[in-house]
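Let me begin by presenting the structure, written as structure tokens, before commenting on it.
The values are calculated or read from the model by the stated rules, or taken from the named source; none is laboratory data. Keep in mind the model is a prediction, meaning the values are calculated, not measured. Please note: Cβ atoms are built from the backbone with ideal geometry, for glycine as well, and neighbour counts cover all protein chains shown.
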Amino acid sequence: MLLLLCACNTGVAQKPVPAHEVEAAYLLNFLRYTQWPAQSFETAQSPYVVAVVGDGDAAASVRAVAQAAGSIYGRTIEVRALRSLRAPSSGSNTHGLADALAGAHLVYFDASAAGEIRELPLLADKAVLTVSNAPGFIAAGGMIELVNAADHIIFDANPAAIAAAQLVVSSKVLKLARTNGARP
């Protein structure tokens, strides 16, 4: 649990905010401050599609925050919950991955699905922003890694991976990253 502090002095104790809710708010802000190539959307009204890979809590939090946000730049936000990117059988299913992530603009790999990060290379040629709270995500080729540090969430960014996907994340956002690229 994280504690978000209010800038106001109400004298009322602040309630802890679950980490998934804070991370979900980050995801929506990453959507807000990222530009995708025009061909990433079928129409001007097409929604932003966020695929959440992992447990149901992460997807439920993203869905709740997206519903509260309403829309971003006139686009609604569609959240898809995926427990796994692999077929139920023991082998990896590239077609299953393509179907599961079709049209996704942002893929969030929750730490509960850290094993799925090995599928990142399959997204390498797609204009998809990849985000995770799993340790080592940037080193594995991910774009943004959320980090719980001293009871608050910060993030690392990999500008090279972002640029390779033909995405533009606002420089204002990238300046907020703890690191840009390789880990210190």
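Screening Glu78, Glu23 for residues that are at pLDDT 90 or above, outside any loop (DSSP other than H, G, I, E, B), in contact with a Leu (Cβ under 9 Å, 6 or more places away or on another chain) and of a type outside the set (A, V, I, L, M, F, W, C) leaves exactly one candidate, Glu23. Being small (Gly, Ala, Ser) and more than 20 Å from Phe137 (Cβ to Cβ) is the filter; apply it to the range 34-67 and report the residue that is modelled with the lowest pLDDT. Out of the qualifying residues, it is Gly56. Evaluate the following for Leu31: is it out of contact with any helix residue (DSSP H, G or I) (no Cβ under 7 Å at 6 or more places or on another chain), modelled with pLDDT of 95 or more, surrounded by 15 or more Cβ atoms within 10 Å (Cβ to Cβ) and aliphatic (A, V, I, L, M)? In short, yes. So, in the range 135-166, of the ones that are out of contact with any strand residue (DSSP E or B) (no Cβ under 6 Å at 6 or more places or on another chain) and under 18 Å from Val50 (Cα atoms), which residue ends up surrounded by the fewest Cβ atoms within 10 Å (Cβ to Cβ)? Step by step, filter the range 135-166, then rank; the result is Gln166. For the range 18-70, a residue qualifies if it is over 21 Å from Arg83 (Cα atoms) and among the charged types (D, E, K, R), and the qualifying residues are Arg32, Glu42.
Ser89 satisfies every condition listed in (1) at pLDDT below 90; (2) touching a Leu at 6+ places or on another chain (Cβ under 6 Å) except (2).
Checked against the criteria, Ala60 counts as aliphatic (A, V, I, L, M), out of contact with any Leu (no Cβ under 9 Å at 6 or more places or on another chain) and under 20 Å from Ser132 (Cβ atoms). Screening the range 42-65 for residues that are part of a loop (DSSP other than H, G, I, E, B) and on the phi < 0 side of the Ramachandran plot and picking the one that is surrounded by the fewest Cβ atoms within 10 Å (Cβ to Cβ) gives Thr43.
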